[in-house]
Ligand code: RVP
């Protein structure tokens, strides 16, 4: 006879946190969101921790090298999508790992034969007022000069005036040599009162530009997630089919953490993949997704460094509709967290848990952490930002970004849904959609983090671990959910004029 769970499976919106005593020193400024991402023994430190509990989803429409850099800069991790050829994924990892904070490849470039008109057109097009002048007009050509808006007067100079005649020539430029550190570059910028310092190699070829404002921004990111070589920490998704080719390429590219990306991770394929990776490489690897104690224990037994939880809760996911399989995200998380805590008590080994999918409101993240997640993985949340890889479009009066599931026909990621047999996506488990465009990642993350920290203070917790121990969580009735929003008032429209 089938086994019946008598409790309904629940989602985050059905829970709320109760306030605890807030002591005077428990302020948002004193809250740390640092969190482990890979397993560690009691009393020891995890080999990799995040500075904020966020991971971006292993999805074509979410996590490429740009997202990886942007999120690591804020303290989280991206798992670069695996539904692409091995070499292309490895190239993305390499790009993110070789990104040097503060050093940018010049985006506005011309040759000395161009004219003032070309400079003005380029400025309109790119918004940059600093133009590198190279022999071939490329960002890596021989640097011959720099043009900034201080070099010409539009009211006096002819638009046909060649760049050669008004650029600051290389001989008069202050420049940095290849290999210079960011703080040395900054010293030159300050010493010579520059806005921009070009970095050239021994043959005078342009490598990067360092801008004063970028250095300041770098200074403003104390949460940056860096490895020992000061490169950003980068993750990547793999599957259970081509891991023997994919994993060596990703490891060679410098990946820090892998995750096996699957809609259902409770499988012998994941066991085999974990064993292969653990016996051949010294790289951290998470596995999943699972929704219960049994799935957790199976993957931990196979060597997983963290466990990802969630089936069917993703915003673009239709697995539950299509196959009738899944579990409310909160119920799944609560059971897996219990299993993890018991495992920790028995073995002294702490296995971090990632709650994957189904975060709709920012407070859901705090709930997930309180329920035992060490970090959350999100797709929809990150897809809305400038840094996601998809197109920004205008639909009606609104800007949107494209966002599609890995189980959609657009992604065709059959490896994620493979249950043996035909090597193809036989039916869709995800949709192709739009999400409202929301601006820059950093701005949004700052706001979300402020909310999380503020709620943690209400709960009297200065760390995620403390939150997990102290949280008091209640189920809410359908009626009190209605009361949770603005109610019984007439909302003012934005366009209503004031009396
Ligand atoms: P969300 O944050 O709610 O957008 O969910 C993202 C998660 O949804 C992913 O991390 C993944 O686990 C899952 N996903 C991705 N594609 C699909 C699909 O096509 N069904 N589901």
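Looking at the range 452-481 only, could you name the residues that are loosely packed, with under 11 Cβ neighbours inside 10 Å and over 32 Å from the mean Cα position of the chain (by Cα)?
Taking the range 452-481 and keeping what is loosely packed, with under 11 Cβ neighbours inside 10 Å, we get 469, 475, 477-479.
477, 478, 479 - these are the residues of the range 452-481 that are loosely packed, with under 11 Cβ neighbours inside 10 Å and over 32 Å from the mean Cα position of the chain (by Cα).
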Of the residues in the range 115-137 that are closer than 15 Å to residue 168 by Cβ and in contact (Cβ under 8 Å) with a residue 40 or more places away in the chain, the one that is surrounded by the fewest Cβ atoms within 10 Å (Cβ to Cβ) is 130
Qualifying position, being over 16 Å from residue 111 (Cβ atoms) and either free of Cβ contacts under 8 Å to residues at least 12 places away in the same chain or more than 29 Å from the chain's Cα centre (by Cα) (or both), among 185, 171:
171
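For every residue, the table says whether it meets (1) more than 20 Å from the chain's Cα centre (by Cα); (2) over 30 Å from residue 268 (Cα atoms).
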{"residue": "411", "(1), (2)": "no, no"}
{"residue": "414", "(1), (2)": "yes, no"}
{"residue": "429", "(1), (2)": "yes, no"}
{"residue": "450", "(1), (2)": "no, yes"}
Just to be sure, is residue 91 modelled with pLDDT of 95 or more, buried (at least 23 other Cβ atoms within 10 Å of the Cβ), over 23 Å from residue 407 (Cβ atoms) and touching a helix residue (DSSP H, G or I) at 6+ places or on another chain (Cβ under 9 Å)?
no
Filter the range 408-444 for residues that are more than 19 Å from residue 59 (Cα to Cα) and assigned to a helix (DSSP H, G or I); the one that is nearest to the ligand (Cβ to nearest atom) is 444
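Those residues that are surrounded by fewer than 24 Cβ atoms within 10 Å (Cβ to Cβ), near the ligand (Cβ under 6 Å from one of its atoms) and outside any loop (DSSP other than H, G, I, E, B), I need them from the range 305-324; list them, please.
Quick first cut of the range 305-324, residues surrounded by fewer than 24 Cβ atoms within 10 Å (Cβ to Cβ) only: 315, 318-324.
If we keep only those that are near the ligand (Cβ under 6 Å from one of its atoms) too, we end up with 315, 319.
319, the sole residue that qualifies.
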Name, by its number, the condition in (1) buried (at least 16 other Cβ atoms within 10 Å of the Cβ); (2) not assigned by TED's automatic domain parsing to the domain that holds residue 33 that does not hold for residue 232.
(2)
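Collect the residues in the range 38-92 that are part of a strand (DSSP E or B) and either free of Cβ contacts under 8 Å to residues at least 40 places away in the same chain or not assigned by TED's automatic domain parsing to the domain that holds residue 249 (or both), keeping them in residue-number order.
Initially, the range 38-92 is screened for residues part of a strand (DSSP E or B), giving 40-41, 49-50, 54-56, 77-80.
Within the range 38-92, 49 is the sole residue that qualifies.
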Would you say residue 83 is surrounded by 24 or more Cβ atoms within 10 Å (Cβ to Cβ) and within 16 Å of the ligand (Cβ to nearest atom)?
no
Would you please name the residue that is surrounded by the fewest Cβ atoms within 10 Å (Cβ to Cβ), looking only at residues in the range 257-288 that are away from the ligand (no atom under 16 Å from the Cβ) and over 19 Å from residue 40 (Cα atoms)?
268
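The values are calculated or read from the model by the stated rules, or taken from the named source; none is laboratory data. None of the values given here were measured: they were computed from a predicted structure. For neighbour counting, all protein chains shown are included, and Cβ atoms are generated from backbone atoms with ideal geometry for every residue, glycine included.
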